[in-house]
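Below: one structure, written as structure tokens.
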Amino acid sequence: MDWKIIFEDEAMLVVRKPQGMPTQADKTGDLDLLSALQQHCGHPLGLVHRLDRPVGGLLVFAKTKNAEMALAKQMQEGLLEKRYHTVLCGRLPQEKGSLINYLKKNMRTNLSEVVSSKDKMAKKAVLHYQVLQTITEEDQVLSYVEIQLETGRHHQIRVQTCHAGAPIWGDKKYNPLFQRGGRTEIALWSYALKGVHPITKKPWYFEDFPREGAFQFFAGK
């Protein structure tokens, strides 16, 4: 898998995860990014956050326990900012806005769904979005959207955009247009990470833009 280290020092790594590669070991036994990086570094790493297997983009890993605790605290306090680019089939309610829902994970199917806030198993999910561009491709309206997560729920972006009437292009779990098709990469990419260095306390920011799959529809337009 074509993973790439974007930044590395004594405390942390920022890495581009390719689509289709697990963030950590799963039941498939396929090579995962965490194991590959631990082999590269020669010691265990702290897993600060994750991306779904079909999603690509930037992840930060901790190289020490102190760094892991510091980055985990940033995650809990909302100081580790994560932004995504996605291509949606359809339009969101507004050009700029927020989606607020309550989600519940089905452990049997490994899918999440929007439920009532009164459901005892529900967790509040909040994301903010900005529509960057809208085009029509083969009689299908496609929206190129930037998303910032306020919470980190299971399949959150995938579930919330689908519930809003604009599922993600290529998403075999939540987009009916792709559930019976062949191999297609999901158009969801973690393109930006922003945080504070766990040792120097200086702010850091990294970007890596998607270029493959449905993102090519918007290249040069």
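In this simple spin-label approximation, Lys172 and Phe209 carry label points 7 Å from Cα along the Cα→Cβ vector, and these lie 3.0 nm apart.
Full extension of the chain between Lys202 and Gln140 gives 17.9 nm of extra length, using 0.36 nm per residue less the Cα-Cα distance. What is the calculated FRET efficiency for Lys73 to Gln133, with r their C-beta to C-beta distance and R₀ = 45 Å, to the nearest 0.05? Efficiency, rounded to the nearest 0.05: 0.80. If I histogram all Cα-Cα distances within region 72-221 using bins 10 Å wide from 0, what percent of pairs lands in each bin? Percent of Cα pairs in each bin: 11, 37, 35, 15, 2, 0.
How large is the Rg to Rh ratio of region 52-111 when both quantities use alpha carbon positions and Rh follows Kirkwood? In region 52-111, Rg relative to Rh is 1.04.
Listed highest first by mean packing, meaning other Cβ atoms within 10 Å per residue, what order do 133-143, 16-26, 209-219, 184-194 come in?
Result, highest mean Cβ count within 10 Å first: 184-194, 16-26, 209-219, 133-143.
Computed FRET efficiency, Cβ-Cβ of Leu31 and Lys96, R0 45 Å: what is it to the nearest 0.05?
For Leu31 and Lys96, the calculated efficiency is 0.70.
I'd like the FRET efficiency for Gln39 and Met121, computed as 1/(1 + (r/R0)^6) with the beta carbon distance as r and R0 of 45 Å, rounded to 0.05.
That pair, Gln39 with Met121, gives E of 0.75.
Please compute the Kirkwood hydrodynamic radius over region 29-142, one decimal place, Å, based on all pairs of different Cα atoms.
It is 17.6 Å.
At a probe radius of 1.4 angstrom, the accessible area of region 13-172 per residue rounds to 50 square angstrom.
Dividing the helix sum by the residues of the chain, where each DSSP H run of 4 or more adds -39500 (n - 2.57), gives a mean residue ellipticity at 222 nm of -4000 deg cm²/dmol. Rolling a 1.4 Å probe over the protein heavy atoms of the chain, with every protein chain left in place, gives an accessible area that is 49 percent carbon and sulfur. Listed by chain and number, the lysines whose alpha-carbon sits under 22 Å from that of Lys4, ignoring those within fewer than 8 places in the same chain, are Lys17, Lys63, Lys82, Lys194. A simple spin-label model places the labels of Phe7 and Thr184 3.5 nm from each other, with each point 7 Å out along Cα-to-Cβ. I'd like the orientation of helix 65-76 relative to the chain: the angle between its Cα long axis and the longest Cα principal axis, in ° from 0 to 90, rounded to 10. Roughly 30 degrees between the two axes. More than 11 Å apart: what percent of Cα pairs in region 21-60 qualify? So the pairs more than 11 Å apart make up 62 percent of the total in region 21-60.
Spread over its residues, the convex hull of the C-alpha atoms of region 95-142 is 114 Å³ per residue.
The values are calculated or read from the model by the stated rules, or taken from the named source; none is laboratory data. Because the structure is a prediction, the values reported are computed rather than measured. Note: ideal-geometry Cβ built from the backbone for every residue, glycine included; neighbour counts use all protein chains shown. Heads up: the accessible areas ignore ligands, DNA and RNA and are worked out on the full protein's heavy atoms, side chains in. Shrake-Rupley method; radii C 1.70, N 1.55, O 1.52, S 1.80 Å.
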